[in-house]
Structure formats: C-alpha cells, structure tokens
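Let me begin by presenting the structure, written as structure tokens, before commenting on it.
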Amino acid sequence: MVPRVKLADVAERAGVSVATVSKVVNGRYGVSKDTIATVQQVIDELGYAGNLSASSLRAQQTHVLGVLVADFEPFSAELLKGAARAAHGSGYEVLSHSGGDTHGWERRSLARLGGTLIDGAVIVTPTVLDAETVVPIVAIDPHYGPNRLPTIDVDNFEGAERAAAYLLELGHRRIAFLGGRNELDSSHLREAGFRHAHAEAGVAVDTGLIRECRYAPERAAEVTRELLALADPPTAIMGANDLTAIAAMEVAQELGLSVPEDLSIVGFDDIPEAGLASPALTTVRQPLQAMGEAAMRMLLDRIEGREHAEHVRLDTELVVRASAAPPR
C-alpha cells in the first residue's frame with residue numbers, strides 16, 4: 001500500500017513549516033499569497049487529503065451527507081442517483097453506505113458515521129429509527145410508514161390497485177400476488193391495493209394465490225414454481241416489486257410458458273431492469289430518482305434551517321409494456 005501523505009511531507013516538499021501547511025489547509029490567516037500557491041501546488045502534486053474525521057471534530061461539520069441503505073440493489077441505486085443530483089452544487093459531498101440487511105442496521109450505521117463523517121443522512125427503508133438522532137435524517141419508505149420522521153414515499157395503495165385493475169380489465173380472474181415483506185407498511189398497502197381492485201371489479205380474491213416473497217427473487221422463483229404447478233394455476237402474476245416479477249417471468253419461460261400469451265406478469269418500481277426484460281415488463285413506476293432528489297432537498301433544508309414539509313408522497317404511474325395480455 002502507498003503510505004498516506006502527511007502534513008510533514010507537504011511541508012518538507014514546499015520548504016515551509018508544518019504549522020504553515022496547516023494554516024493553508026484550514027484557510028487560516030498569516031500566510032502570504034505566494035506561499036499559499038506553493039503549498040497548494042505541492043498538495044496537488046502529492047495528493048494530500050486531510051483527515052476528515054479529525055477536521056470535522058474541530059469544525060463540528062464535515063460537509064458530507066450520507067445515503068444509507070441496507071444493500072446496494074437496483075431500487076436503492078436509483079434513489080442514490082437522485083440524491084447525488086440534488087446535492088450537486090450545494091457545497092456538500094455525498095457518501096453512500098450499505099449497513100447490511102439486519103434489524104437495526106441504520107442505528108449502527110448512524111452510530112459509526114453520524115457527527116464525525118456525515119452531517120446528515122437520507123436513510124432508505126429504515127427498519128427501526130428514533131426521531132432523535134445524532135444528525136438530521138430523512139427517511140425514504142420507512143418500514144412503519146410516515147411517523148415522526150421527515151419522510152418521502154409514494155402512493156403504494158393506488159399504484160398496486162391500478163396494476164391489479166389493469167390485469168382484471170384484460171380479463172384475468174386468477175391473479176397471483178407475490179407480496180413483499182410483512183413488516184413493511186408499503187407491502188401492506190400494495191396488497192391492500194391489489195385486494196381493493198378485486199373488490200371494485202366484483203372478483204373474489206383467491207387467498208391461496210397471495211404469497212409473501214419478501215421482495216426476494218429467489219423466494220419468488222420458488223413460489224412461482226409452486227403456483228404454476230397447481231391444478232388450476234393463475235393466468236397472471238403481480239409482483240410487489242420488479243425483481244420478483246422478473247424472477248417469475250424467468251421461471252415461466254424455463255417451464256416452457258410464453259409471456260404474455262400463457263402467463264401475464266406485472267411488477268412494481270420500474271427499475272432499469274424492467275425495461276430490459278424480455279418481454280419488457282409492465283410495471284408500476286415509482287419515480288425513484290425524484291424520490292432521492294426530494295429526500296436530499298428535504299435534508300438540506302433541515303440542515304440549513306429552512307422550512308420544509310414533514311411528509312412528501314409522490315404519485316405512481318402504470319407503465320404498460322409487453323408482459324401482459326388477455327388470458328387465452
């Protein structure tokens with residue numbers, strides 16, 4: 001490994017004292033313009049980077065904002081793009097951090113990063129989180145729904161209802177639902193929307209076709225095989241997210257079924273993979289990048305002391321592609 005460049009290295013190359021370099025790095029008075037230019041040139045040549053943790057303890061501000069996720073997957077990646085775009089030009093840098101998909105990951109992440117590495121955080125689908133934290137935070141789609149934290153989410157009920165209604169309008173009557181995670185408020189809302197669309201259409205829901213898949217493609221594939229092996233299999237499958245819907249599509253095709261001729265499939269999220277699937281996936285679009293942007297703007301408002309909404313709910317959109325058709 002290349003040794004870390006220190007203040008003393010910069011001072012020796014520039015021919016000045018360590019104290020002089022420290023003044024230049026920290027923007028203090030008492031150094032001539034020519035000396036500042038010389039020291040800055042050496043800093044650039046050597047690639048010196050100050051100790052962020054140490055400098056933040058002195059200044060009590062790092063000018064870095066965190067985007068904390070359980071895992072880096074397509075959903076969180078799109079949110080991160082939007083958050084980074086909103087932070088551009090704000091004077092703050094963005095640090096992304098994966099805390100691991102275990103209960104309480106966000107508390108551990110904040111304990112490690114808050115106050116020494118980041119001035120605030122956007123936290124994606126937090127499981128448990130207190131309103132009082134070491135730094136300002138904004139939650140995207142928290143497990144428990146809008147609560148005491150500033151929150152960004154979408155209308156999950158309406159989005160799922162619209163997708164299910166679309167399948168019903170096509171003529172499907174046996175529609176399976178690959179549900180999300182039971183502990184998530186958004187999962188309950190999506191299933192509720194699915195059920196409400198059936199009620200509005202006067203079609204009974206077969207509860208045996210509703211399965212919890214926890215947004216996991218592996219579980220969705222397993223459940224899809226079980227559903228398609230039934231004596232009276234579903235003619236359509238609705239995934240609570242795109243990854244489970246795509247997994248269902250892959251299983252159907254492995255079994256020799258044609259999508260959408262033999263089986264219609266719709267998803268939820270509209271991650272980039274949805275449009276790249278074959279056939280392209282009909283899905284409910286969450287404006288993921290817009291959600292990331294809105295969350296970061298709300299966080300910046302909180303940090304800068306500006307007024308902001310405590311809860312922003314964005315609309316969804318049904319994106320019709322090629323994976324759904326009337327049943328044979």
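The values are calculated or read from the model by the stated rules, or taken from the named source; none is laboratory data. It should be emphasised that the depicted structure is a prediction, and the values quoted were computed from it without experimental measurement. Glycine gets a Cβ as well: all are built from the backbone with ideal geometry, and neighbour counts include every protein chain shown. In case anyone asks, the SASA skips ligands and DNA or RNA and just uses the protein heavy atoms, side chains included. Shrake-Rupley method; radii C 1.70, N 1.55, O 1.52, S 1.80 Å.
Look at R297 and say whether it is under 20 Å from V138 (Cβ atoms), in contact with a helix residue (DSSP H, G or I) (Cβ under 7 Å, 6 or more places away or on another chain), open to solvent by 80 Å² or more (accessible area, probe 1.4 Å) and not in a loop (DSSP other than H, G, I, E, B). So that I can check it myself, show each step before the final result.
Details: under 20 Å from V138 (Cβ atoms): yes; in contact with a helix residue (DSSP H, G or I) (Cβ under 7 Å, 6 or more places away or on another chain): yes; open to solvent by 80 Å² or more (accessible area, probe 1.4 Å): yes; not in a loop (DSSP other than H, G, I, E, B): yes.
Spelling it out, R297 is indeed under 20 Å from V138 (Cβ atoms), in contact with a helix residue (DSSP H, G or I) (Cβ under 7 Å, 6 or more places away or on another chain), open to solvent by 80 Å² or more (accessible area, probe 1.4 Å) and not in a loop (DSSP other than H, G, I, E, B).
So which of V21, V42 is at pLDDT 85 or above, within 30 Å of G114 (Cβ to Cβ), part of a helix (DSSP H, G or I) and of a type in the set (A, V, I, L, M)? Steps first, please.
Details: V42 fails: within 30 Å of G114 (Cβ to Cβ).
Of the residues listed, the single one that is at pLDDT 85 or above, within 30 Å of G114 (Cβ to Cβ), part of a helix (DSSP H, G or I) and of a type in the set (A, V, I, L, M) is V21.
Is it the case that R306 is in contact (Cβ under 8 Å) with a residue 24 or more places away in the chain, more than 13 Å from E78 (Cβ to Cβ) and either assigned to a helix (DSSP H, G or I) or open to solvent by 10 Å² or more (accessible area, probe 1.4 Å) (or both)? Break it down into steps so the answer makes sense when it comes.
Details: in contact (Cβ under 8 Å) with a residue 24 or more places away in the chain: no; more than 13 Å from E78 (Cβ to Cβ): yes; either assigned to a helix (DSSP H, G or I) or open to solvent by 10 Å² or more (accessible area, probe 1.4 Å) (or both): yes.
When the stated conditions are applied, R306 does not pass them.
List every residue pair whose Cβ atoms sit under 7 Å apart, with the two residues 6 or more apart in sequence or on different chains, where the first one lies in region 195-224 and is closer than 30 Å to F72 by Cβ and the second, anywhere, is of a type in the set (K, R) and outside any strand (DSSP E or B).
C213/R219; R214/R181; Y215/R181
Residue check: is A245 out of contact with any helix residue (DSSP H, G or I) (no Cβ under 7 Å at 6 or more places or on another chain), part of a helix (DSSP H, G or I) and open to solvent by 50 Å² or more (accessible area, probe 1.4 Å)? Give the steps one after another, and end with the answer.
Values: out of contact with any helix residue (DSSP H, G or I) (no Cβ under 7 Å at 6 or more places or on another chain): yes; part of a helix (DSSP H, G or I): yes; open to solvent by 50 Å² or more (accessible area, probe 1.4 Å): no.
Criteria not met by A245.
Keeping to region 29-47, report how many residues are hydroxyl-bearing (S, T, Y) and open to solvent by less than 50 Å² (accessible area, probe 1.4 Å).
Of all residues in region 29-47, those hydroxyl-bearing (S, T, Y) come to 29, 32, 35, 38.
Filter once more, keeping what is open to solvent by less than 50 Å² (accessible area, probe 1.4 Å): 35.
Residues in region 29-47 being hydroxyl-bearing (S, T, Y) and open to solvent by less than 50 Å² (accessible area, probe 1.4 Å): 1 in total.
Looking at (1) part of a loop (DSSP other than H, G, I, E, B); (2) of a type outside the set (V, I, T); (3) surrounded by fewer than 14 Cβ atoms within 10 Å (Cβ to Cβ); (4) in contact with a strand residue (DSSP E or B) (Cβ under 9 Å, 6 or more places away or on another chain), find the lone condition where E226 falls short.
(1)
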